[in-house]
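These notes are about the structure you will find just below.
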Amino acid sequence: MATTTVTAPAPPRLWSPARNRNFRLLWAGQSLSLLGDGFSVIAFSWITLSLTHSTLNLGYVLTFQAVPRALLTLVGGSLGDRWSPRALMVASSWARAGLMAAVGVAGLTGSLTVWLLCAAAAAFGTVDAFFQPARVSVLPSVVDKEVLTQANALLGTGTRISAVLGPAVGGLVVALSDAPVAFLVDGVCFALCGLCVSLIPAAARKPAAGGGTSDGPSLGARIREGIRYTWDDPRLRTVVLLDTAVNFCYAGPFTVGFATLANSALHGGSTTLGLLNGALAGGAMLGTLVGGLLGGRPRVGLLVAALAGWLAVGMGTLGLLANTPAAVLTVLAMGFGIGFQGVFGLSWIQRNIPKDILSRVISVDMVLGYAAAPLSLITCGALAKVSTAAMFTFTAAVLAVTALVVLSSRPVREMS
């Protein structure tokens with residue numbers, strides 16, 4: 001009797017998700033949206049300075065954009081779970097497109113004022129708060145669980161490319177034309193994003209708890225449920241707290257820290273600052289691609305602890321360096337770790353959290369990151385006045401403690 005040999009299916013390759021038309025549409029939509037975000041930073045900044053010649057007014061405009069986004073992200077996450085992440089992405093994209101077009105037209109006709117800019121920035125931040133959790137939580141409804149890691153690697157690569165190209169192309173548009181034109185181009189990016197995502201078929205939704213949409217828990221109750229769910233799961237709580245710690249150790253050291261390091265310890269000026277930022281972005285992109293190529297389901301808990309320890313070593317090293325090539329290589333290695341772990345950490349959340357609460361969990365993670373960023377900027381700004389080494393050493397200590405906390409939890413160590 002012949003023996004039948006069963007061959008195990010080959011693991012998915014990095015490009016496997018790209019065979020899926022819906023994923024290609026999502027990739028294009030997200031990349032266009034993030035390209036538009038980069039445009040908006042340049043457009044808002046340049047037109048405010050051109051109109052008012054005041055960095056204080058620029059601070060007002062950027063604050064009006066950041067505060068509503070931070071305050072309303074939990075609301076966006078709750079609505080994404082109740083309605084549809086895809087629908088929120090489409091509505092948000094088209095709303096941002098109309099808003100950017102209106103600001104561009106107002107600028108070209110000479111009717112734009114700083115208070116109109118503040119209002120537009122606040123509206124942009126409000127609408128964006130509904131898009132950001134949705135763009136992360138929509139992926140499990142577009143691709144199979146088996147290719148989530150590869151899909152996140154491809155989306156992450158597109159995200160990082162758009163983050164670099166957006167401000168660069170936006171600056172070029174402003175230089176060759178005028179700031180209001182950048183708003184119009186920005187509007188086109190968001191409109192195309194909305195079109196791409198709208199072409200993805202709507203996923204079937206389970207009825208909301210309690211019956212129909214109007215009979216379910218209140219918005220506040222749903223937000224509290226998302227926070228409680230995130231906190232009660234020790235594995236999820238650890239991943240979110242690590243993300244918060246990394247955001248804290250990212251915002252200040254990689255902005256205030258890089259600028260201080262380039263100017264004082266390395267004596268290289270803006271060119272060295274550009275090299276450090278480029279190394280961080282390049283390392284993160286490389287780490288993202290390598291994570292997607294390797295695939296599999298590693299022990300995410302151990303990977304989380306390893307990232308915290310890796311970044312702690314990197315921060316401590318930066319505090320001691322006075323050599324530009326060594327600093328660039330160190331930052332490149334740190335960026336690689338961030339990109340590599342990010343692929344597996346995000347895929348674990350998308351794979352293990354039920355879809356009816358996923359968007360709320362994502363929004364909790366994002367809000368904590370938003371809260372950590374300004375605190376980090378203030379803390380690192382104060383420490384940088386003492387010395388660059390003191391700032392990086394403090395950050396390294398925070399990350400080292402984070403790694404030890406992660407390793408102390410058995411459920412977290414066994415996450416896979």
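The values are calculated or read from the model by the stated rules, or taken from the named source; none is laboratory data. Remember, it's a predicted structure, so these values are computed and weren't measured experimentally. Because the Cβ atoms are built from the backbone with ideal geometry, glycine has one as well, and the counts that use them run over all protein chains shown. Heavy atoms of the whole protein, side chains included, go into the accessibility calculation; ligands, DNA and RNA do not. Shrake-Rupley method; radii C 1.70, N 1.55, O 1.52, S 1.80 Å.
Residues that are assigned to a loop (DSSP other than H, G, I, E, B) and at pLDDT 80 or above within segment 1-29 comprise R13, L14, W15, N20, listed in sequence order.
Can you tell which of I357, I362 is part of a helix (DSSP H, G or I), of a type in the set (A, V, I, L, M), at pLDDT 90 or above and in contact with a Pro (Cβ under 8 Å, 6 or more places away or on another chain)? Show your work before the answer.
Values: I357 fails: in contact with a Pro (Cβ under 8 Å, 6 or more places away or on another chain).
From the options I357, I362, the qualifying one is I362.
Of all residues in segment 171-190, those being farther than 21 Å from L139 by Cβ, at pLDDT 80 or above and open to solvent by less than 10 Å² (accessible area, probe 1.4 Å) number 5. Going through (1) without any contact (Cβ under 8 Å) to a residue 40 or more places away in the chain; (2) surrounded by fewer than 21 Cβ atoms within 10 Å (Cβ to Cβ); (3) touching a helix residue (DSSP H, G or I) at 6+ places or on another chain (Cβ under 6 Å) one by one, K145 falls short only on (1). Scan segment 129-161 for residues that are under 16 Å from T288 (Cβ atoms), hydroxyl-bearing (S, T, Y) and within 15 Å of the chain's Cα centre (by Cα) and jot them down. Once the filter is applied, which keeps residues that are under 16 Å from T288 (Cβ atoms), hydroxyl-bearing (S, T, Y) and within 15 Å of the chain's Cα centre (by Cα), segment 129-161 yields T157, T159. Within segment 318-329, residues that are part of a helix (DSSP H, G or I) have Cβ atoms under 7 Å from residues that are not hydrophobic (A, V, I, L, M, F, W, C) in these pairs: L318/T330; T324/G268; T324/T272, counting only partners at least 6 apart in sequence or on another chain.
Residue-by-condition table, conditions (1) at pLDDT 90 or above; (2) part of a helix (DSSP H, G or I); (3) open to solvent by 50 Å² or more (accessible area, probe 1.4 Å):
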{"residue": "L192", "(1), (2), (3)": "yes, yes, yes"}
{"residue": "V197", "(1), (2), (3)": "yes, yes, no"}
{"residue": "A209", "(1), (2), (3)": "no, no, yes"}
{"residue": "R224", "(1), (2), (3)": "yes, yes, yes"}
{"residue": "T230", "(1), (2), (3)": "yes, yes, no"}
{"residue": "L236", "(1), (2), (3)": "no, yes, no"}
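Of all the residues in segment 272-299, those that are in contact with a Ser or Thr (Cβ under 9 Å, 6 or more places away or on another chain) and in contact (Cβ under 8 Å) with a residue 40 or more places away in the chain number 14.
Beta carbons closer than 9 Å, at least 6 apart along the sequence or on distinct chains, pair a first residue in segment 341-355 that is farther than 15 Å from R135 by Cα with a second that is buried (at least 17 other Cβ atoms within 10 Å of the Cβ) and of a type in the set (K, R) for W348/R235; N352/R235. Taking the conditions exactly as written (within 20 Å of the chain's Cα centre (by Cα), part of a helix (DSSP H, G or I) and hydrophobic (A, V, I, L, M, F, W, C)), does A182 satisfy them or not? Spelling it out, it is not the case that A182 is within 20 Å of the chain's Cα centre (by Cα), part of a helix (DSSP H, G or I) and hydrophobic (A, V, I, L, M, F, W, C).
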